[in-house]
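Working notes, structure below.
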Amino acid sequence: MGYGVTIVFYLIIGVGIAIALWVSDETGRSKDKIFERLTAPFFWPIYIPVLLANRSTIPVIDGKITRPSVVDGMSQLIGQVESELETAFGSLEGWAENVFVNERNRISELKVAWYQQADRIRELDQLLEVAAKEAVPSNTEPDTTLAAKPADQSEIPATENQSRIAICEQTRRENLAKLKTVRNQMYDNLMSTLAWVRELVTMIHLAKYTGAPASRAEELVRQIASAVEGLATVAERE
């Protein structure tokens, strides 16, 4: 194989790497994009680690890219916070751009955790909605046909059976009330985490435009990344 053929294959691979970088990059930093795409065809071996790092920023669960399963208030707010995060990380260019690279994986985990939490809340909402429709009205006698009456208990007074049914129904209501409490705690925690991240995003912008050192940006990005640990702790406690 001559040098000419080798060069052609080298450039073909380089163009492929440049395209892959363009598609996978989520930072939105236009200057970096232009520089990388112009140099990738010629220096593509040094961009392979960058490409692999970009792939790790896409929220993935069990090999599948995470996306909101339902478009509702929660998913819209999460999308808004994601957009604000990308803008903040883009503003690190020329000031503290290496900070985001160091916390890239944990930021990706945080995005996944937000969508997982929202899905769990929706599941609980559906469960509670179905349970509410099936509940026995409190102002009526319990339906004794909910369970078949065993033949060997034919001598048990009807009032005793009704008492057992009433106790079971009361316990059921109590369990549903606990589930509702768990659901509300999960929702409050998600909203609190999103609000905290939005606050930190504004602090990043403030630090940049007030001449703060790069170490301040590193501190703030680390705080954002640590939010995933707070969600995990609450999930375990619940």
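Going through the range 192-214 one residue at a time, which ones are assigned to a helix (DSSP H, G or I) and without any contact (Cβ under 8 Å) to a residue 60 or more places away in the chain?
Applying the first criterion (assigned to a helix (DSSP H, G or I)) to the range 192-214 yields 192-209, 214.
Scanning the range 192-214 gives SER192, ALA195, TRP196, GLU199, LEU200, THR202, MET203, LEU206, ALA207, TYR209.
Which one is farthest from LEU190 (Cα to Cα), of the residues in the range 122-139 that are in a helix (DSSP H, G or I) and modelled with pLDDT under 85?
Narrowing the range 122-139 to residues in a helix (DSSP H, G or I): 122-134.
Among the residues that remain, those that are also modelled with pLDDT under 85 are: 132-134.
Values: ALA132: 25, LYS133: 27, GLU134: 29 Å.
Once the filter is applied, the top-ranked residue is GLU134.
Pick out the one residue from ASP119, ASP143, ASP152 that is at pLDDT 90 or above and of a type in the set (Asp, Glu). Full working, then the answer.
Details: ASP143 fails: at pLDDT 90 or above; ASP152 fails: at pLDDT 90 or above.
On inspection, the qualifying residue turns out to be ASP119.
Conditions tested, residue by residue: (1) in contact with a Ser or Thr (Cβ under 9 Å, 6 or more places away or on another chain); (2) at pLDDT 95 or above; (3) farther than 30 Å from GLU86 by Cα.
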| site | (1), (2), (3) |
| --- | --- |
| ILE167 | no, no, yes |
| ALA177 | no, no, yes |
| VAL182 | no, no, yes |
| LEU190 | no, no, no |
| HIS205 | yes, no, no |
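The values are calculated or read from the model by the stated rules, or taken from the named source; none is laboratory data. A quick note: this is a predicted structure, and the numbers were derived from the prediction, not measured. A quick note on method: Cβ atoms are made from the backbone with ideal geometry, for glycine too, and the neighbour counts reach across all protein chains shown.
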